[in-house]
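J.: Input: one structure, supplied below.
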Number of protein chains: 4
Amino acid sequence: MALMEFSIMPLDKGAGLSEYVARALTIIDDSGLDYRLNPMGTVVEGEWDELLGLLTKCYRDQEKDSGRIIIQAKFDCRKGVSGALDRKIRSVEEKAGRRFKV
Amino acid sequence: MALMEFSIMPLDKGAGLSEYVARALTIIDDSGLDYRLNPMGTVVEGEWDELLGLLTKCYRDQEKDSGRIIIQAKFDCRKGVSGALDRKIRSVEEKAGRRFKV
Amino acid sequence: MALMEFSIMPLDKGAGLSEYVARALTIIDDSGLDYRLNPMGTVVEGEWDELLGLLTKCYRDQEKDSGRIIIQAKFDCRKGVSGALDRKIRSVEEKAGRRFKV
Amino acid sequence: MALMEFSIMPLDKGAGLSEYVARALTIIDDSGLDYRLNPMGTVVEGEWDELLGLLTKCYRDQEKDSGRIIIQAKFDCRKGVSGALDRKIRSVEEKAGRRFKV
């Protein structure tokens, strides 16, 4: 399993993008993959092909009405690990001996 | 105010890095700046100089015992906006007409 | 056409990674897609599906002998534009009225 | 010494950004630090404080006439290494036993 953190951003729609982010999040939420939205992107957990499939779905949707799109993605691929969305945060909290804001 | 999403990663410590992430999070938590930890990084809100100061503090700490460090940072700088950590997520949820996993 | 800038990095191989970067570059060079290597990553030009196919090929290769892999990718997707690898740099130089180091 | 790869992008200026990239590159070129422009960003070599100083200069310049700015930065900090802009590429070519497009 892998984690993919990503954001997708049309460049020709001005400074207010929440409408476009909402479209991507709706696709992510409907995908059935587990995810967490944060203020700068979304982290999704899945197999490699599932993650690229979801990225493609979000891209094809934005492409319909935007002439230029910027996508940033980061992958953390770790063999034999699942449930990493919560486990990574718990592991950091255990090492630090305190709870952090999530 | 600006948001800075970042992660800091020593390259010479093997695959398990939660001990090093815990050190960075402790510095962030002690900084007094508002932040949210996610499974792939941390988003902090502050003025530009505060954010770069915090990034430097985390870097100097890791530098003490690592020969090679990779840092990834993304900034979203918006004039006249504060409280963006929560506001950006609410705005996306309002546009989508549903709640997302955070 | 789109540009994809990416880097791929095993986390369990220590601080010297040029051997692993060389494997990825060999795959990129053999792909037939146009690209430019820079000191922090590689920029490739192609159709969306070609770019994700190349990313997958590089990932599957590293996965063979690494337990944890970090991939960072950035896409710039622009309708009706090709030859952007050189054109983007020329366009910046024209606007600035000077040549830059490439 | 460290390498910083970065891009800076106003979000409220439409899809054509070469004029704004040209302003950033002019500042980088005038800084005296060594750098390489690529189709998706610029890689600069310097000490940590020099790199953050340059990033700040570019940000303050864009801030003058943009209401929202996105900055992406990646750092590769390695003790006792300089001249990495060329050395990293040569090292990859040596390992691969061939020349790549740069």
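J.: Mind pulling the angle between the C-alpha long axis of helix D:84-96 and the longest principal axis of chain D? Nearest 10 degrees, somewhere in 0 to 90.
T.: Helix D:84-96 sits roughly 50 degrees off the main axis of chain D.
J.: Could you state the angle between the C-alpha long axis of helix B:18-30 and the longest principal axis of the C-alpha atoms of chain B, as a value from 0 to 90 degrees rounded to the nearest 10?
T.: 60 degrees
J.: Let me ask something else. Please give the net charge around C:I70, taking every other residue with its beta carbon less than 9 angstrom from that of C:I70, where Lys and Arg add +1 and Asp and Glu add -1. Before the final figure, lay out each step's value.
T.: Numbers: positive: A:K74, C:R68; negative: A:D76.
Local charge sum for C:I70: +1.
J.: Sticking with this one: Between the helical axis of D:48-63 and the dominant principal axis of chain D, each derived from Cα atoms, what acute angle in degrees is found, rounded to the nearest 10?
T.: Helix D:48-63 sits at roughly 30 degrees to that axis.
J.: OK, next. Over chain A, what relative contact order in percent results from Cα pairs under 8 Å that are six or more residues apart?
T.: On the way: 127 pairs, mean separation 43.8, N = 102.
Computed value for chain A: 43 percent relative contact order.
J.: So, in nm, how far is label D:D86 from label B:V102 when the simple model puts each one 7 Å beyond its Cα toward the Cβ?
T.: 5.1 nm
J.: Placing a label point 7 Å from Cα toward Cβ, how far apart in nm is A:D65 from its equivalents in the other copies, listed shortest first to one decimal?
T.: 3.0, 5.0, 5.3
J.: Keeping all protein chains in place, calculate the accessible area per residue for chain B (probe 1.4 angstrom), answer in Å². Write out the running numbers ahead of the final one.
T.: On the way: 3980 Å² over 102 residues.
It amounts to 39 Å² per residue over chain B.
J.: Do any GluC sites (Glu not before Pro) in the range B:1-83 lie in a DSSP loop with no more than 14 other beta carbon atoms within 10 Å, and if so, which?
T.: Numbers: sites: B:E5, B:E19, B:E45, B:E47, B:E50, B:E63; in loops: B:E47.
Counting only loop positions with at most 14 other Cβ atoms within 10 Å, the GluC sites (Glu not before Pro) in the range B:1-83 are B:E47.
J.: Additional query: Where Rh denotes the Kirkwood radius from the mean inverse Cα pair distance, what is Rg over Rh for chain B? The partial results should precede the final answer.
T.: Working: Rg = 15.0 Å, Rh = 14.7 Å.
Result for chain B is an Rg/Rh of 1.02.
J.: Follow-up. For q = 0.06 Å⁻¹, what log10 I(q)/I(0) does the protein assembly as shown give under the Debye formula with an equal point scatterer on each alpha carbon and no solvent?
T.: -0.21
J.: Which of the residue pairs B:K57/D:K79; A:K74/B:K64; A:K57/C:K74; A:K101/B:K79; A:K74/D:K57 have a Cα-Cα distance greater than 19 Å in the structure shown?
T.: Details: B:K57/D:K79 17 Å; A:K74/B:K64 26 Å; A:K57/C:K74 16 Å; A:K101/B:K79 25 Å; A:K74/D:K57 27 Å.
Those over the limit are A:K74/B:K64; A:K101/B:K79; A:K74/D:K57.
The values are calculated or read from the model by the stated rules, or taken from the named source; none is laboratory data. Remember, it's a predicted structure, so these values are computed and weren't measured experimentally. Here the Cβ is made from the backbone with ideal geometry for all residues, glycine too, and neighbour counts use every protein chain on show. Note: accessible area is taken over every heavy atom of the protein model, side chains too, but ligands, DNA and RNA are not part of it. Shrake-Rupley method; radii C 1.70, N 1.55, O 1.52, S 1.80 Å.
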